[in-house]
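*Asks:* First the structure, then my questions, so here it is.
The values are calculated or read from the model by the stated rules, or taken from the named source; none is laboratory data. Owing to the predicted nature of the structure, the values given are computational and were not obtained by experimental measurement. Here the Cβ positions follow ideal geometry from the backbone for every residue, glycine too, while neighbour counts run over all protein chains shown. Surface areas here come from the heavy atoms of the whole protein model, side chains and all, with no ligands, DNA or RNA. Shrake-Rupley method; radii C 1.70, N 1.55, O 1.52, S 1.80 Å.
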Amino acid sequence: MILISACLLGLCCKYNGGDNKNIKVLEFIKKYPAIPVCPEQLGGLPTPRKPAEIKAENSKDVLDGNGKVINIEGQDVTDCFVKGAYETLKLAKIYDVKIAILKSKSPSCGCGFIYDGTFSGKLKEGNGITAELLIQNGIKVYSEDDLDKIY
C-alpha cells in the first residue's frame, strides 16, 4: 500500500482549488494499491485556501513547536498543518504503509525542497511537515519526480 498526495491523482485539493494531476503517478498506481491523502484538508483547512509556507529553519522545528506555518496573509496555520501530518500518519499506520509519494515543494508534502518562507518562489532544502513526520516514522517518502527510485 502506498500513500499518495491526492492532488497528484487529479483530486481538486490544491490550495487554489485545482489539482497537480500527474500522468506518471496515475500509471504508477495501476501497479500498486494507493491511498490518496491531502494533509492540509485532513488538518481542517478549506479548499481553496491561501498559500502557506514554513517560517522556520526546517519542518522538524515546526513539529517540535519551535517554528510556524504562515499563510500569505500572515495568519498562523501551524496547528492545521501539524494536525494534518498526524492524521496522515494515522492512516499510514492503519494500512501499514512503507512508501509515500508526495507533492514536491509543498509545505505539507514537499520532499527534498520546499519554498523558503518568503513567498518569493525561492526554494530551500527541506521537507514539508507531513513528509518530515512520515520520514521520522520510518516511511520512505518520494516526490512525483522520483518514481523511478521506487522498487
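*Asks:* Tell me the residue from 113, 81 that is open to solvent by less than 80 Å² (accessible area, probe 1.4 Å) and touching an Asp or Glu at 6+ places or on another chain (Cβ under 8 Å), please.
*Replies:* That would be 81, the only listed residue that is open to solvent by less than 80 Å² (accessible area, probe 1.4 Å) and touching an Asp or Glu at 6+ places or on another chain (Cβ under 8 Å).
*Asks:* Okay, moving on. Output yes when any residue across segment 11-20 is surrounded by fewer than 22 Cβ atoms within 10 Å (Cβ to Cβ), within 22 Å of residue 126 (Cα to Cα) and in contact with an Asp or Glu (Cβ under 8 Å, 6 or more places away or on another chain), and no when none is.
*Replies:* Scanning segment 11-20, I find at least one residue that is surrounded by fewer than 22 Cβ atoms within 10 Å (Cβ to Cβ), within 22 Å of residue 126 (Cα to Cα) and in contact with an Asp or Glu (Cβ under 8 Å, 6 or more places away or on another chain), so the answer is yes.
*Asks:* Using the structure shown, decide if residue 65 is among the small types (Gly, Ala, Ser) and open to solvent by 30 Å² or more (accessible area, probe 1.4 Å).
*Replies:* Against the criterion (among the small types (Gly, Ala, Ser) and open to solvent by 30 Å² or more (accessible area, probe 1.4 Å)), residue 65 qualifies.
*Asks:* OK, next. Mind checking which pairs have a first residue in segment 118-134 that is open to solvent by 30 Å² or more (accessible area, probe 1.4 Å) and a second that is among the acidic types (Asp, Glu) and at pLDDT 95 or above, Cβ under 8 Å, 6 or more apart or different chains?
*Replies:* If the second residue must be among the acidic types (Asp, Glu) and at pLDDT 95 or above, the pairs left are 118/53; 119/53; 122/116; 123/116; 124/116.
*Asks:* Do we have any residue at all in segment 25-34 that's within 18 Å of residue 130 (Cβ to Cβ), in a helix (DSSP H, G or I) and open to solvent by 20 Å² or more (accessible area, probe 1.4 Å)?
*Replies:* No, segment 25-34 contains no residue that is within 18 Å of residue 130 (Cβ to Cβ), in a helix (DSSP H, G or I) and open to solvent by 20 Å² or more (accessible area, probe 1.4 Å).
*Asks:* Here are some residues: 37, 77. Which one is among the β-branched types (Val, Ile, Thr) and under 25 Å from residue 145 (Cβ atoms)?
*Replies:* None of the others qualify; the one that does is 37.
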